[in-house]
Amino acid sequence: MQAESTYLAHHFESLEKQQHAARLGMWLFLATEVLLFTALFAGYGVYRYLYADAFVAASKRLHTTIGLVNTIVLITSSFTVAWGLDQAARGRGKKTFLLFGCSVLLGLVFMCFKAYEYTHHFHEGMLPGRYYTWEAIGPGPGGPMFFSLYYLITGLHAIHVLIGMTVLTVIGLKARAGRYTADYFVPVELAGLYWHLVDLIWIFVFPLVYLV
């Protein structure tokens, strides 16, 4: 009853209904994110079919090793987030903070690798649209189109990583301050769901853009 009176919003009848609404709202939000990236993947697939040779040549210039390392980094960060959620369920807010902090640091590692990769592409002239100057593929719209979609997909994902890092930081600090208990830790759960989605999207991005 103490947890319910502390965390219950005035427009809900019970804490159980409030938590159900929060989870439902997050799942609906995640569904819209899935639809967004599904549309981008579909568009990528269409243009890859139209400009197959150019897309193959361009994708070979990507840093597959960096993409693989970033995949491992994000999968590891999902593990620490899940571990942090488990600690929150046990009422161990300080451990949740430490584990979420590890995930944030891993997210920072991901962003550093992505920044290095982007910098290399910029110097080579592998830019989107009319800014494209890389001559290895030859004339035609295939090269500029590939890098337009590459930056759109990976850049949008990077923005989601930054948002996720911010959310984990805020929730982690609140957990350390004792804002959540074993009876109420839904915000920790929702933050974890968002981060897992970010990781899941990258698991599709990596093979589609780097390997196929």
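The values are calculated or read from the model by the stated rules, or taken from the named source; none is laboratory data. All of these numbers come straight from a predicted model, not from anything done at the bench. Cβ: placed from backbone, ideal geometry, glycine included. Neighbour counts: every protein chain shown. In case anyone asks, the SASA skips ligands and DNA or RNA and just uses the protein heavy atoms, side chains included. Shrake-Rupley method; radii C 1.70, N 1.55, O 1.52, S 1.80 Å.
If you check His160 against the conditions, is it open to solvent by less than 10 Å² (accessible area, probe 1.4 Å) and not charged (D, E, K, R)?
Values: open to solvent by less than 10 Å² (accessible area, probe 1.4 Å): no; not charged (D, E, K, R): yes.
It is false that His160 is open to solvent by less than 10 Å² (accessible area, probe 1.4 Å) and not charged (D, E, K, R).
Can you tell me which residue is farthest from Val209 (Cα to Cα) among those in the stretch 81-94 that are assigned to a helix (DSSP H, G or I) and free of Cβ contacts under 8 Å to residues at least 24 places away in the same chain? Working first, answer last.
Taking the stretch 81-94 first, the residues assigned to a helix (DSSP H, G or I) are 81-89, 93-94.
Within this subset, residues satisfying the condition of being free of Cβ contacts under 8 Å to residues at least 24 places away in the same chain are 83, 86-87.
Values: Trp83: 30, Asp86: 34, Gln87: 36 Å.
The residue in question is Gln87.
Name every residue in the stretch 100-113 that is of a type outside the set (Val, Ile, Thr) and either within 14 Å of Met165 (Cβ to Cβ) or in a loop (DSSP other than H, G, I, E, B) (or both), in order of residue number. Outline the logic, then answer.
Of the residues in the stretch 100-113, the ones of a type outside the set (Val, Ile, Thr) are 100-103, 105-108, 110-113.
Across the stretch 100-113, the qualifying residues are Phe100, Gly101, Cys102, Ser103, Leu105, Leu106, Gly107, Leu108, Phe110, Met111, Cys112.
Which of the residues that make up the stretch 37-63 are part of a helix (DSSP H, G or I) and open to solvent by 70 Å² or more (accessible area, probe 1.4 Å)? Working first, answer last.
From the stretch 37-63, those part of a helix (DSSP H, G or I) are 37-50, 52-59; that's our starting set.
Answer for the stretch 37-63, where residues must be part of a helix (DSSP H, G or I) and open to solvent by 70 Å² or more (accessible area, probe 1.4 Å): Thr38, Val46, Tyr47, Tyr49, Leu50, Asp53.
Kindly establish whether Tyr150 is hydroxyl-bearing (Ser, Thr, Tyr) and either assigned to a strand (DSSP E or B) or open to solvent by less than 10 Å² (accessible area, probe 1.4 Å) (or both).
Values: hydroxyl-bearing (Ser, Thr, Tyr): yes; either assigned to a strand (DSSP E or B) or open to solvent by less than 10 Å² (accessible area, probe 1.4 Å) (or both): yes.
Considered against the rule, which asks whether it is hydroxyl-bearing (Ser, Thr, Tyr) and either assigned to a strand (DSSP E or B) or open to solvent by less than 10 Å² (accessible area, probe 1.4 Å) (or both), Tyr150 comes out as yes.
Just give me the residues in the stretch 100-114 being without any contact (Cβ under 8 Å) to a residue 24 or more places away in the chain and either buried (at least 16 other Cβ atoms within 10 Å of the Cβ) or touching a helix residue (DSSP H, G or I) at 6+ places or on another chain (Cβ under 9 Å) (or both), in sequence order.
Filtering the stretch 100-114 down to residues without any contact (Cβ under 8 Å) to a residue 24 or more places away in the chain leaves 105, 112.
Scanning the stretch 100-114 gives a single hit, Leu105.
Quick one: would you say Phe97 is open to solvent by less than 60 Å² (accessible area, probe 1.4 Å), aromatic (Phe, Trp, Tyr), modelled with pLDDT of 95 or more and assigned to a helix (DSSP H, G or I)? Walk me through how you get there before you give the answer.
Numbers: open to solvent by less than 60 Å² (accessible area, probe 1.4 Å): yes; aromatic (Phe, Trp, Tyr): yes; modelled with pLDDT of 95 or more: yes; assigned to a helix (DSSP H, G or I): yes.
Here the answer is yes, as Phe97 does meet what is asked.
Can you tell me which residues in the stretch 170-198 are under 15 Å from the mean Cα position of the chain (by Cα) and open to solvent by 10 Å² or more (accessible area, probe 1.4 Å)?
Initially, the stretch 170-198 is screened for residues under 15 Å from the mean Cα position of the chain (by Cα), giving 190-198.
Once the filter is applied, which keeps residues that are under 15 Å from the mean Cα position of the chain (by Cα) and open to solvent by 10 Å² or more (accessible area, probe 1.4 Å), the stretch 170-198 yields Leu190, Leu193, Tyr194, His196, Leu197.
For the condition β-branched (Val, Ile, Thr), closer than 23 Å to Asp86 by Cα and in a helix (DSSP H, G or I), what is the one hit in Ile159, Ile171? Don't jump to the end; show me each part of the working.
Working: Ile159 fails: closer than 23 Å to Asp86 by Cα.
So the residue among Ile159, Ile171 that is β-branched (Val, Ile, Thr), closer than 23 Å to Asp86 by Cα and in a helix (DSSP H, G or I) is Ile171.
Checking Gly129 against (1) open to solvent by 40 Å² or more (accessible area, probe 1.4 Å); (2) over 16 Å from the mean Cα position of the chain (by Cα): exactly one of these is not met. Which one?
(1)
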